[in-house]
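Read the structure below first, then the notes.
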Amino acid sequence: MKKRLLFVVFFIFIVSYSANNIVPEQGNPPPYPGPRGQKLKGENVYTVKKGDTLWDICKQKLNNPWDWIKVWERNPHITNPNWIYPKDKISLDLSRSIKDSYVREENREKYRDKRISGVFKFKDHKDEDKNGDSEEPLSRDEEIYDEGSKMKITKKDAIKVEKAYQEKIRSMRFRAGFILEEEIENYGKIVKAQDNEAITPNDIVFIDFEQNNNFKKGQELIIFDFGVVVEHPVTYENLGKMIVPRGTLEIINVEKDIVKAKVGEQFKNIHEGDFVVPEYPKINLANEKIEPKYEGYISYIENGKNLAGENDFVYIDLGIKQGIRTGMHFDILAKKEKIKSSTGVKDIPTAIKGELLVINARKNVSTAVVLYTRKNYKINIGNMIRAK
């Protein structure tokens with residue numbers, strides 16, 4: 001039963017993130033289109049003010065600036081996330097379905113037989129009646145049927161499993177680390193452990209920061225170390241330096257420049273002198289072009305390994321600037337091969353070696369986890385990847 005429920009949630013996750021948007025070039029603002037989204041109504045509708053950005057709106061209203069992508073997906077009248085205007089109306093309801101225009105046509109066909117009824121399916125115009133009213137949403141206890149797993153579950157159960165799955169993704173982000181492309185402006189160091197012994201979960205530590213970043217009680221931080229410099233396997237370009245997580249912290253109290261925190265999870269040995277940073281250093285893409293690109297390379301494998309297996313973390317050379325988002329899936333491709341025939345040299349269709357799931361999209365790089373590998377295929381640094 002659990003496996004089937006996870007399959008349903010996994011499918012929901014794919015549907016929610018399978019969209020790949022082509023964003024217009026940045027630079028000079030496009031012609032002012034006039035206030036958009038004026039038909040939106042309700043308590044979750046926000047009216048844009050001068051100086052607003054999707055990042056700031058999500059940080060203020062949803063307490064999570066990284067939800068800007070989810071908000072953008074659910075507001076198709078915002079064609080370019082870098083350009084919003086005063087009096088534009090934006091829905092902040094993250095339960096709102098993603099419009100068809102944000103779903104790649106090939107994926108619509110791919111998942112056509114696996115759509116889940118009610119709120120979890122793609123919304124088609126044929127679902128609306130003559131008065132323009134859509135179908136009634138399911139109650140939390142009403143059963144829904146998933147064609148993929150051939151089973152019935154309640155919406156309430158699906159929501160529970162989805163939350164568990166999202167928590168799993170979040171935990172993987174903590175453990176996997178990421179490639180740091182730019183210097184961290186403000187990070188701290190563990191200067192003292194309260195018990196002066198080996199630092200383990202639930203121990204109290206004190207952190208010294210150069211600046212006070214308005215830290216708050218309950219905020220989570222990452223204990224980390226700097227790892228190797230990652231070079232691109234084809235161009236040998238310097239992609240950045242690995243951030244290797246050692247554990248997590250929860251802030252207990254802040255006094256001037258000293259932060260008191262409790263150790264949460266521990267991934268590696270933790271010592272005095274280890275570095276500390278907020279989970280996701282902010283990425284600033286203001287006035288930069290987003291140029292969609294959905295083919296790239298595996299550039300590094302966790303812990304410097306030469307081969308990757310299922311559940312291993314890998315790091316790819318594509319990020320938000322290339323249109324990549326957390327939740328996207330990639331095929332891992334085998335090397336292209338050619339054969340000689342009577343009519344000349346021909347390409348053999350590229351074999352698929354496995355599949356990746358992006359769990360942390362950064363500026364020009366991303367962290368991913370290997371979902372599966374095909375038998376007799378090895379996953380190496382330098383393998384090509386292609387968005388599904």
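Each value in this text was obtained by applying a stated rule to the coordinates, not by laboratory testing. Computed from a prediction, not measured in an experiment: that's the story for all the values here.
Key figures
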| quantity | calculated |
| --- | --- |
| Amide H contacts under 5 Å for D88, placed H, 5+ residues apart | R36, V48 |
| Potential extension, Y377-T350 segment - 0.36 nm per residue separation minus Cα distance | 8.4 nm |
| Spatially close lysines, pair count over the range 179-278: Cα under 26 Å, gap of eight or more or interchain | 23 |
| Placed amide H near A351: partners under 5 Å, 5+ positions off or other chain | A334 |
| Rg/Rg_ref, the range 166-206, where Rg_ref = 2.2 N^0.38 Å and atoms are Cα | 1.59 |
| For the range 266-388, the Rg and Dmax computed from alpha carbons only, in angstrom | 17.5, 69 |
| For the range 52-67, Karplus couplings with θ = phi - 60° (6.51, -1.76, 1.60), whole Hz, Gly/Pro x | 5, 10, 4, 4, 5, 4, 5, 5, 7, 8, 10, 6, 7, x, 6, 6 |
